[in-house]
Structure formats: structure tokens, C-alpha cells
Amino acid sequence: MSAAASAAPAAGARERVRVVIIGSGFAGLGLAIKLREAGVDDFVILERADAIGGTWRDNHYPGCACDVPAHLYSYSFFGNPDWSETYAPQPELRAYTERCAARWQLHRFVRFGAEVTAAELDEAAATWTVHTRDGRRFVGDVVVAAIGGLSRPLVPRLPGLERFAGPTWHSAAWNHDVPLAGKTVAAIGTGASAIQFVPKLAPEVARLHLFQRTPPWILPRRERAFSARERAAFRVVPGLRRLHRAQLYLGHELRALPFTVEPRLLRLLEPVARRHLARQVPDPALRARLTPAYVMGCKRILISNDYYPAVARANVELVTDGIRELTARGVVTTDGRERAVDAIVFGTGFDIHDYLGGLRVIGRGGEELGARWRTSPEAYLGTMAPGFPNLFTMVGPNTGLGHNSIIFMIECQLRLIMSCLRRMRTHALATIEPRADVTRAYNDELQRRLAGTVWMTGCTSWYQNAAGKNTTLWPGFTLEFAARTRRMRPADYVLRRRDELPARAPAGVAAGVPSVPGRAA
Ligand code: NAP
């Protein structure tokens, strides 16, 4: 197969490849690596930014690190003996993605500044045309949306947001140019990101008002630096590193039991979290406001050793009254009190439920996948949807985890996609898509199983969509997902050779297909 051209085409240009990958985070890079290993060089990676790395490129807030151990939060096929500590800080993760790109020479496949607006199926030709905002077009047999769940920061539409005169930013777009030393700052949100940046912010600022809507459950973070000797041992004896990874994997995998089978087991962990809180926050009134009122695990369990001490500092105020509005000077709570601040930082999370990141994916009959998924995000194995042949979604519906590393799930999806691509080649298939009845049964099964999990014990979390349906998480052990994605089962799919494709609709019939924004003239 021909190598994709390395120079970015001019606006309006059209590039024809076998596979179009959207996104260069762990998922997109992983697929590119697997393609390269399979001898497929006929692909592009479309990246809206000017560098690779996905969430670990975008998130660089103070204290940013991964709360899954580094030896587990990395590809099984590209171990790194040199992680400095248990939980990798963001710069190390970003450097790791760069090393992957260098090792498999991926940069020449990346088209930077290529923000995808739409992907449109031509079923008669069995191709997808992918459009970018600057008017480029990429035509591929296969499209893989690897845009990630954490690529769309969510700033709540608080009344008066536009009135606030000072700087504001989201944790996923940290503004390092505004010095916060000696300033009064509002931080909104107390999720996974906030509990990492609050301990860095608190000692620096004059005063921090921390607005908490729901207190998280927080467990001690069992962390330590790897010694030079350990790292050398990991390097010289790769089996040691693999053993360490296997231990981490199994330890995490066992946690699926309380999450998905017997939520009452999580109650046994609650005293551990309560003791952690009691040890770190002496003031009983503050402790009470930091104590969650929902079953542990219903929302994501967080780990930190420095968050509670930061909240307990004299210059930090934990505000638990709701936010009524913002003014030019600051934040007004529901009791009418205004707190004047110099800057506002949002640690308010991401739009997890828009799996397609706002890009219009138009499949058979002009149906838009985003519209279908707005009410009911359902895929087969989180990876494919009926009516959208040759389209694959990485980290799609119900592939998220509360207990183990998402990189493991990504690798499962990579295996499934590569298995589909192999099948297409060996059987001269033009298209592949999951059967509608198989997809229906699969999603019914997921929802039946999710009903008994800790995530459905009554809290409000981003695991559920607006209708209260858990559309984000895998309901079992990751080993089961691995078994089900190991290779594609032909019986679960509609497979078409080129001579079985529907004939092109006569002119005029296709007029009902929505026009595509960003489409080159
Ligand atoms: P998050 O967990 O969704 O937390 C958002 C926080 O903002 C919550 O405390 C939420 O309160 C609050 N909030 C949202 N809207 C609000 C409003 N209108 N008024 C007041 N508070 C509001 O977001 P995140 O901390 O950015 O983390 C998102 C996900 O990123 C995590 O769950 C995790 O998957 C990932 N992450 C991972 C790591 C890691 O180390 N692996 C680190 C950071 C993030 P409620 O709880 O009441 O909704």
C-alpha cells in the first residue's frame, strides 16, 4: 500500500487513504501503531491541534497526573521502565505519547490543524468523506473516531458568566500566563481534576474559595517514587516490569467485584475513606461538609493525600451553598452573598455524553449518528453502530471503567478493529457493520446488568445521561470485554462484498441528505 503523503494538503484538497483516524491521543496513536505493525501505511491521523497527545497534551493544570498506576496506564506492547513514580505526572505521559510516535514513525501520518467537522458515507462507493473546518477532505474506506471522552471541557452556563470582568478558564485549558500568587481565586468543582490542582493552588494564592456541589469519596493515594535500582531492574529484566503490570492489572480487576456484582462490599471501604478524612481534617464541621451522602463508588472514587489538607488551610474556604450567579466582581451564592475574586477556575468536567464531539457523522439514508446517540448512545461492543458501515468509535458508549485502566479497554478495541480489517481484506469485503438485532440484544444485556451495579444506587453522576441511563460504563470485568473483542464473530455482522452494495440512488433522491458543514466547494 502506498504511504500517505507527509505534507499537509492545501485547503480544498482531497486525500484518498484506506483508513482515516480522527484524534492522536492514546486511542488514535494505538490504532496507528497496530496498522503499521500490520504493514498498513495507507492512513492518516487527523489532529485538530498542532501536537499529538490528546488529553495528556491538553490537560497541564498544576498537579495534573494520572490516578491509575503508570505501569498499567500505558500500552502493554510498549512498556516503559522509567516511570518516575507510581502515578505518572502529565509531562511524563505526554512524553510517552511522543516516544510512541517516534518509535513507530507516526508523525508523517498526522495532519495537524485538521479539525474534523463531518464524516459522510457514500454507501454505493463504500467510502467515507471526512471534512475539516479548513475545507480539506479525506476519503477513506474506513473511519475511526478516536476523539476521546475528555476532549470537550464543560463550563456550566452560570447566569452572569459573561459579566465577570476577571480571567476565567477551565482546568483542561489552564492559563499559565496569569499569575495567581497573592490573588483571590474561585475554584468551581471538586472532581478528579480539582482535587489535583487545589493542593497546588491553595498555598500560592492569598485566598481560595472552593465551590463544592457534591463531596467526592477520597481514598489515600498509595504512591512512591521508583528508585534508580528498580528502574534499572525493569529495564534489564523486562519480565519484572511485566510481572509488576500483571499484579497491578489483577489487583484492579478484582475491584470489578464490588462495583458490578456486590455493591455492598464498597461499604467496607467507606470507613477507610472516613478515617483518611478524620486524620487530615481536624475540624468536625468542615469534616461533615466533606463527607459524601451517597454510596461509595456511585460517582468516581478519587485518591489524594494532599487535597483534604489543602481544603483545611486557613486561606481556603469551602463553599457548599449553590452558585446563583456571577457578577463583574465575583460569585454570588444562593444565600445572596457575593465573594469578590480576581479569577475563576472551572474544574467542572467534560461533556462525556457527546461521543462524537459535535462532529456530524452521516450514515445510511442520511441518518446522523449524533442525533441517534443524543437520545440513546448504543453501539456494539462500544465500537460500531448499525447503519454506519466501516465506522469505528474508540472509547464509545459503555466502554468506560470505574475500576481499571482505560488503556486496557482501548487495546481490546484495537484488537477488534484490526480483526475486522483483516476480515475485510481476506474476504474481499467492501463493508462491515454490526447486525441491528445483535446490537439491540447486546445493549439490553448491558442495561440489565448495569441495573445491579453501584453506579445505579441513586447518586447523580456523569456516568448517566439526562434520562438516567448509564451509557458510559462497562458493567463487568475487563477480561470479559477482552474475550468478546478478541476477534470479530462474523455471525454478529452484516458483511457485504462490493457487488452486494446498494446501487447509487438516482439524482434527486439523495437530495434529502443533509449538507455538510466545512465541505469544500
Ligand atoms: P468531574 O469529575 O466531572 O467533576 C466535575 C466537578 O464539577 C464535580 O465536582 C461537579 O459537581 C462540579 N460541577 C459541575 N458543574 C457544576 C456547577 N454548575 N456548579 C458547581 N459545581 C459543578 O470532572 P473532572 O474533575 O475534570 O474529571 C473528569 C474525568 O476526567 C474524571 O472522572 C476522570 O475520568 C478524568 N480524570 C482523570 C484523572 C486521572 O488522574 N486519571 C484526572 C482528572 C480527570 P457534582 O459532583 O455535583 O456534579
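The values are calculated or read from the model by the stated rules, or taken from the named source; none is laboratory data. All figures in this text were calculated on a predicted structure; none of them were measured in a lab. Backbone-built Cβ (ideal geometry, glycine too); neighbour counts: all protein chains shown. In case anyone asks, the SASA skips ligands and DNA or RNA and just uses the protein heavy atoms, side chains included. Shrake-Rupley method; radii C 1.70, N 1.55, O 1.52, S 1.80 Å.
Give me the compactness ratio for segment 155-237, meaning the Cα radius of gyration over 2.2 N^0.38 Å.
1.53
Determine the share of segment 147-240's accessible area contributed by carbon and sulfur atoms, expressed in whole percent, with a 1.4 angstrom probe.
On the way: 2640 of 4650 Å².
Ligands and nucleic acids excluded, carbon and sulfur reach 57 percent.
Give the cross-link partners of residue 200 among the aspartates and glutamates, using a straight C-alpha distance below 12 Å as the criterion and excluding same-chain residues fewer than 8 apart.
Those aspartates and glutamates meeting the cut-off are 306.
Put one equal scatterer on each alpha carbon of the chain, apply the Debye formula with no solvent term, and list log10 I(q)/I(0) at q = 0.06, 0.09 1/Å to two decimals.
Debye curve over Cα of the chain, log10 I(q)/I(0) at q = 0.06, 0.09 Å⁻¹: -0.30, -0.69.
Within the chain, which is the longest segment containing none of the trypsin sites (Lys or Arg not before Pro) that sit in a DSSP loop and have at most 10 other Cβ atoms within 10 Å? Before the final figure, lay out each step's value.
Details: sites that count: 157, 222, 224.
By the stated rule (loop sites, at most 10 other Cβ atoms within 10 Å), 225-521.
Using Cα pairs under 8 angstrom and six or more residues apart, how large is the relative contact order of segment 295-444, in percent? Please report the intermediate quantities before stating the final value.
Working: 136 pairs, mean separation 22.9, N = 150.
Relative contact order here is 15 percent.
Starting from the Kirkwood radius over alpha-carbon pairs of segment 186-272, derive D by Stokes-Einstein at 20 °C in a medium of 1.002 mPa s and give it in µm² s⁻¹.
On the way: Rh = 16.8 Å.
Answer, rounded: 127 µm²/s.
Calculate I(q)/I(0) for segment 337-432 by the Debye formula, one identical point scatterer on each C-alpha and no solvent, and give its log10 at q = 0.10, 0.15, 0.16, 0.23 Å⁻¹ to two decimals.
For segment 337-432 at q = 0.10, 0.15, 0.16, 0.23 Å⁻¹, log10 I(q)/I(0) is -0.39, -0.71, -0.78, -1.26.
Whose amide H sits under 5 Å from the amide H of residue 139, counting only residues 5 or more places off or on another chain, with H placed in the peptide plane?
15, 16, 17, 130
What is the set of long-range amide H partners of residue 303 at a cut-off below 5 Å, with H atoms built 1.01 Å from backbone N?
219
From the phi angles alone, apply the Karplus equation (6.51, -1.76, 1.60; θ = phi - 60°) to segment 358-369 and give each ³J(HN,Hα) in whole Hz, x where the residue is Gly or Pro.
Residue by residue, segment 358-369 yields x, 7, 8, 10, 10, x, 4, x, x, 6, 9, 5 Hz.
Wrap a convex hull around the Cα atoms of segment 131-197, take a quarter of its surface area, and give that in square nanometres.
Working: hull surface 31.0 nm².
Computing the convex hull of the Cα atoms and averaging its projections yields 7.8 nm².
How many percent of the accessible area of segment 11-96 is carbon or sulfur, using a 1.4 Å probe? Present the calculation step by step, with values, prior to reporting the outcome.
Values: 1150 of 2400 Å².
The C+S portion of the solvent-accessible surface of segment 11-96 is 48 percent.
What is the dipole size for the chain, taken about its Cα centre, with +1 at each Lys and Arg Cβ and -1 at each Asp and Glu Cβ, in debye to the nearest 20? Don't skip to the answer; put the middle values down first.
Working: 68 positive and 48 negative charges, 179 e Å.
I would put it at about 860 debye.
What is the Cα coordinate range of segment 259-311 on the first, second and third principal axes, sorted by size from largest, in whole angstrom?
So the extents along the principal axes, rounded to whole Å, are 36, 18, 15.
Can you work out ³J(HN,Hα) from phi for every residue in segment 37-53, in order, using Karplus 6.51 cos²θ - 1.76 cosθ + 1.60 and θ = phi - 60°, giving whole Hz and x for Gly and Pro?
Those phi angles translate into 5, 8, x, 9, 10, 9, 8, 10, 10, 8, 10, 6, 8, 10, 8, 8, x Hz.
Show me, bin by bin at 5 Å from 0, the whole-percent P(r) of segment 1-141 based on Cα pairs.
With 5 Å bins starting at 0, P(r) equals 2, 10, 19, 21, 17, 13, 9, 7, 3, 1, 0.
Let me have the relative contact order for segment 63-149, percent, based on Cα pairs under 8 Å that are six or more residues apart. Mind dumping the intermediate values first?
On the way: 80 pairs, mean separation 14.3, N = 87.
Averaging sequence separation for qualifying contacts and normalising by length gives 16 percent for segment 63-149.
Based solely on its DSSP helices, what 222 nm [θ] is calculated for the chain when runs of n ≥ 4 H residues each add -39,500 (n - 2.57) and the sum is averaged over all residues, nearest 500 deg cm²/dmol? The partial results should precede the final answer.
Numbers: 13 runs with 137 residues, N = 521.
So the calculated ellipticity at 222 nm is -8000 deg cm²/dmol.
Using the heavy atoms of the protein chains alone and a 1.4 angstrom probe, what is the accessible area of the chain per residue in square angstrom? Could you put the intermediate results ahead of the total?
Details: 21670 Å² over 521 residues.
Averaged over the residues of the chain, the accessible area is 42 Å².
Between segment 42-75 and segment 413-430, what is the C-alpha centre distance in whole Å?
Each part reduced to its Cα centre gives a spacing of 27 Å.
Percent of alpha carbon pairs in segment 88-160 separated by more than 19 Å? Walk me through the numbers before you get to the answer.
Working: 1524 of 2628 pairs.
For segment 88-160, the fraction of Cα-Cα distances above 19 Å is 58 percent.
Stokes-Einstein diffusion coefficient for segment 195-332 at 4 °C in a medium of 1.567 mPa s, Rh from the Kirkwood formula over Cα pairs: what value in µm²/s? Mind showing how you got there, number by number?
Values: Rh = 17.8 Å.
D, rounded to a whole number, is 73 µm²/s.
Can you check what the Kirkwood hydrodynamic radius comes to for segment 404-465, Cα pairs only, in Å to one decimal?
Working: mean 1/r = 0.0680 Å⁻¹.
Hydrodynamic radius (Kirkwood, Cα pairs) of segment 404-465 is 14.7 Å.
What number, in percent, do you get for the relative contact order of the chain if the mean sequence gap of Cα pairs under 8 Å and at least 6 apart is divided by its residue count? Let's see the in-between values first.
Working: 1016 pairs, mean separation 104.3, N = 521.
Relative contact order for the chain comes out at 20 percent.
Taking the alpha-carbon set of segment 280-369, what are its Rg and Dmax in Å?
19.6, 62
Cross-link candidates for residue 299: which lysines have Cα within less than 20 Å, leaving aside residues fewer than 8 places away along the same chain?
Partners found: 469.
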